[in-house]
Amino acid sequence: MRVEEIQSGSTLVMVVSGRVDLSTVAEFETRLAGWTRPGTLSAMVLDMTDLTYVASRGLRAMLQATRALARRSGRFMLCAPAGHVRALLNMTGFDQVLEIHDTRAAALSSLEHPADNED
């Protein structure tokens, strides 16, 4: 797993590539928990363009991040999940619980235009 973090004001884009699996999920959880603690961010976009696999514990970490930000009226969004990861989100029903956008630009645009948060 490789992670790049790009912060602009109170918004963070976390670009995750590779695999969030048994050997990397603890680091993934720690990063998400650190960024979603109170007072850190109002919005977070998880760019999944090059993410090839995510374990169930990684999905749970995303759900926890969503809840943590929502408690402060913040937003946690996924963008650009492809192939196997998109299928996993659909199959598990996480696509109904997590805010998912087709592109990073669409996710960031939805922050500027909240009424347009559906892709």
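All of the numbers you see were taken from the coordinates with simple rules; none came from a lab. None of these values were measured; they are calculated from a predicted model. No Cβ is skipped: glycine too gets one built from the backbone with ideal geometry, and neighbour counts run over all protein chains shown.
Tally Lys/Arg at +1 and Asp/Glu at -1 over every other residue whose Cβ is under 9 Å from the Cβ of Ser42; what's the total? Walk me through the intermediate numbers first.
On the way: positive: Arg72, Arg75; negative: none.
Once all neighbours under 9 Å are counted, the net charge is +2.
Subtract the Cα-Cα distance of Ser10 and Thr52 from 0.36 nm times their separation in residues, and report this length gain in nm to one decimal.
Contour length minus Cα-Cα distance gives 12.4 nm.
If each DSSP helix of 4+ residues adds -39,500 (n - 2.57) and the sum is divided by the residues in the chain, what number results at 222 nm, nearest 500 deg cm²/dmol?
-12000 deg cm²/dmol
Over the range 2-107, calculate the relative contact order: mean separation of alpha carbon pairs under 8 Å at least 6 apart, over the residue count, as a percent.
26
On average over all directions, what projected area in square nanometres does the chain have, based on the convex hull of its Cα atoms?
One quarter of the hull surface, i.e. the mean projection, equals 6.4 nm².
If each of Arg37 and Val3 carries a label point 7 Å out from its Cα toward its Cβ, how far apart are those two points in nm?
It is 1.3 nm.
At 0.36 nm per residue, and after removing the present C-alpha to C-alpha distance, how many nm does the segment from Arg71 to Met91 gain when stretched out fully?
On the way: separation 20, 0.36 × 20 = 7.20 nm, distance 2.65 nm.
Full extension of this stretch gives 4.6 nm more.
Determine the sum of side-chain charges near Arg57: Lys and Arg each +1, Asp and Glu each -1, restricted to other residues whose C-beta is under 11 angstrom from that of Arg57.
Once positives and negatives cancel, what remains is -1.
How would you rank 40-48, 6-14, highest first, on the average number of other Cβ atoms within 10 Å across their residues?
By packing density, highest mean first, the sequence is 40-48, 6-14.
Let a ≥ b ≥ c be the square roots of the eigenvalues of the Cα gyration tensor of the range 1-68; is it rounded (a/c under 1.5), or, if not, prolate (a/b larger than b/c) or oblate?
It comes out oblate by the Cα gyration axes.
In the range 1-81, what trypsin sites (Lys or Arg not before Pro) fall in a loop by DSSP, with at most 15 other Cβ atoms inside 10 Å?
Here the trypsin sites (Lys or Arg not before Pro) that fit, given the DSSP loop and packing criteria, are Arg71, Arg72.
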